[in-house]
1. Does segment 49-140 come out rounded, prolate or oblate, given a ≥ b ≥ c as the square roots of the eigenvalues of its C-alpha gyration tensor, rounded meaning a/c under 1.5 and, failing that, prolate meaning a/b above b/c?
2. Farthest toward the dipole's positive end in the chain, which of VAL179, GLY120, SER3, given Cβ charges of +1 (Lys, Arg) and -1 (Asp, Glu) about the Cα centre?
3. Would you work out what percent of the accessible area of the chain, with all protein chains in place, is carbon or sulfur (probe 1.4 Å)?
4. Can you work out ³J(HN,Hα) from phi for every residue in segment 80-85, in order, using Karplus 6.51 cos²θ - 1.76 cosθ + 1.60 and θ = phi - 60°, giving whole Hz and x for Gly and Pro?
5. Taking only protein heavy atoms and a 1.4 Å probe, what accessible area per residue, in Å², does segment 140-200 have with all protein chains in place?
6. Quick query: amide H of ARG97 versus all other amide H atoms, modeled in the peptide plane; which residues come in under 5 Å with a sequence gap of 5 or more or a different chain?
7. Chymotrypsin sites (Phe, Trp or Tyr not before Pro), restricted to segment 98-188: which are DSSP loop and have at most 10 other Cβ atoms within 10 Å?
8. Mind running the shape call on segment 111-200? Use the C-alpha gyration tensor, a ≥ b ≥ c as the square roots of the eigenvalues: rounded below 1.5 for a/c, prolate if a/b tops b/c, oblate otherwise.
Amino acid sequence: MSSVFYTYLQLGFHHIFNLQAYDHMVFVLAMCALYTGQEWRRILALVTSFTLGHSITLALSTLEVIKFNTALIELLIPVTILLTCVYNLTQMDKNKRKGSVVFSWSNFFAVAFGLIHGMGFSNYLKSLLGKGENIVLELFAFNVGIELGQLLIVVLILVVSAILVNAFRVARRDWVLGVSAAAGAIALMLILDQDFSAIF
């Protein structure tokens, strides 16, 4: 593995897997709150959908193919968290999800929300990228790092959920309600903390 690839892989991993990136971590938490380890196919499809979305805009915005209002993206990221939490509250009494694993509204919105988060990731990456011929490799490695960090977050969420539900007999409904309420509260605080004058 080249030193450039490994360096940017580490940067991507630590960018999402640290408390300073808690907005992205909270989104992954909210996104996975409905699911158990037995629904790993749906989780994989959901995470892959999110990955597809943020990979597209991370590349396009980092390479300056698209431009956007940074303040608007910083507002939209917690909005995606809040909307995910609201969706969770409408689904938490459903013990078994039906329909296609791949073609679902959950995956569609994961792609859409991923597009927004990808632009958020790019703000950090732009300040790190070199100006030479390795820019594509750096971009790819950073994205792989983000995915590894994201997958670790998903695994930790599923482990905590399994312990609480199976060992401590916490009801699935209470888990989903608690996680969604906490994530939603954080999202509301992030929304209210935005500088709206920079957006409009």
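1. On the way: a/c = 3.53, a/b = 2.01, b/c = 1.76.
The shape class here is prolate.
2. VAL179
3. Details: 7410 of 10710 Å².
Its accessible area is 69 percent carbon and sulfur atoms.
4. Karplus values, whole Hz, x for Gly and Pro: 5, 5, 4, 5, 5, 5.
5. On the way: 3360 Å² over 61 residues.
I get 55 Å² per residue for this part.
6. Distant-sequence amide H within range of ARG97: zero hits.
7. Values: sites: PHE103, TRP105, PHE108, PHE109, PHE113, PHE121, TYR124, PHE140, PHE142, PHE168, TRP175; in loops: PHE103, PHE168.
Those that pass, being in a loop and sparsely packed, are PHE103, PHE168.
8. On the way: a/c = 3.87, a/b = 1.51, b/c = 2.56.
Cα axes put segment 111-200 in the oblate bin.
The values are calculated or read from the model by the stated rules, or taken from the named source; none is laboratory data. All values reported here derive from a predicted model rather than from experimental measurement. Here Cβ is always computed from backbone atoms with ideal geometry, including for glycine, and neighbour counts include all displayed protein chains. Surface accessibility is based on the protein's heavy atoms, side chains included, excluding ligands, DNA and RNA. Shrake-Rupley method; radii C 1.70, N 1.55, O 1.52, S 1.80 Å.
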